[in-house]
């Protein structure tokens with residue numbers, strides 16, 4: 001009988017991360033959730049049997065504690081998914097420097113801290129998947145969205161560098177370009193975009209699982225996902 005897999009999901013909210021938790025738990029995985037506010041995860045934890053841990057992704061000590069506690073509770077991870085991002089909008093010349101710094105730290109530096117911690121465990125284990133959630137801003141810098149482009153470009157570069165270094169060590173690093181809005185529940189006000197105008201988080205989650213399950217003779221390092229009606 002195969003050993004139970006363990007999944008760590010970082011940056012958990014009601015959309016994609018919740019869908020990942022439900023899917024992974026349904027696949028028989030042990031799940032650990034990391035978020036700033038763990039109280040909001042009560043219902044999801046009960047539904048999936050997941051453990052919850054407070055986590056500030058831009059604090060190295062907090063990241064180290066999360067991994068130590070999650071490993072002690074669930075075991076070393078087979079898959080780690082990094083979802084957090086942050087942005088500040090507005091004309092470039094009016095951007096607040098502190099807000100931009102925060103956006104870069106959460107979108108990119110946090111990915112480095114989490115990716116490094118995950119890679120250390122997976123190198124010891126000899127296998128694993130590390131997945132990063134990007135956006136259309138990972139490959140296109142939009143007007144009045146400099147901080148988001150900077151953070152997401154950086155995260156993509158991190159993922160590509162890690163993939164090239166770690167793939168020969170049997171660690172599958174993948175980056176997902178989510179090109180479009182993700183539905184945040186049945187009452188999402190953006191529902192007026194029409195049929196399939198938003199990405200369904202359950203459908204995205206299945207793509208993440210598929211990449212995790214890929215045979216290592218045919219690994220993808222990057223996947224783009226968008227609604228079929230989305231222009232690109």
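Details
- Only one of 25, 18, 45 that is under 14 Å from the mean Cα position of the chain (by Cα), in a helix (DSSP H, G or I) and within 19 Å of residue 205 (Cα to Cα): 18
- Those residues of segment 48-65 which are under 17 Å from the mean Cα position of the chain (by Cα), surrounded by 19 or more Cβ atoms within 10 Å (Cβ to Cβ) and farther than 17 Å from residue 109 by Cα, in sequence order: 50, 52, 53
- Enumeration of residues in segment 24-42 that are touching a helix residue (DSSP H, G or I) at 6+ places or on another chain (Cβ under 9 Å), surrounded by fewer than 20 Cβ atoms within 10 Å (Cβ to Cβ) and modelled with pLDDT of 95 or more: 25, 26, 27
- Conditions (1) within 22 Å of residue 113 (Cα to Cα); (2) crowded, with 18+ Cβ neighbours inside 10 Å: number failed by residue 19: (1)
- When segment 121-136 is filtered for residues that are within 19 Å of residue 208 (Cα to Cα) and not in a strand (DSSP E or B), the ones remaining, listed by number, are 122, 127, 136.
- Extreme residue, surrounded by the fewest Cβ atoms within 10 Å (Cβ to Cβ), among residues of segment 204-213 that are out of contact with any strand residue (DSSP E or B) (no Cβ under 7 Å at 6 or more places or on another chain) and in contact (Cβ under 8 Å) with a residue 12 or more places away in the chain: 206
Matching residues to (1) in contact with a helix residue (DSSP H, G or I) (Cβ under 7 Å, 6 or more places away or on another chain); (2) in contact (Cβ under 8 Å) with a residue 12 or more places away in the chain; (3) surrounded by fewer than 18 Cβ atoms within 10 Å (Cβ to Cβ):
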site: 78; (1), (2), (3): no, yes, no
site: 82; (1), (2), (3): yes, yes, no
site: 86; (1), (2), (3): yes, yes, no
site: 97; (1), (2), (3): no, no, yes
site: 123; (1), (2), (3): yes, yes, yes
site: 134; (1), (2), (3): yes, yes, no
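The values are calculated or read from the model by the stated rules, or taken from the named source; none is laboratory data. Keep in mind that this is a model prediction, so the values were computed, not measured. Please note: Cβ atoms are built from the backbone with ideal geometry, for glycine as well, and neighbour counts cover all protein chains shown.
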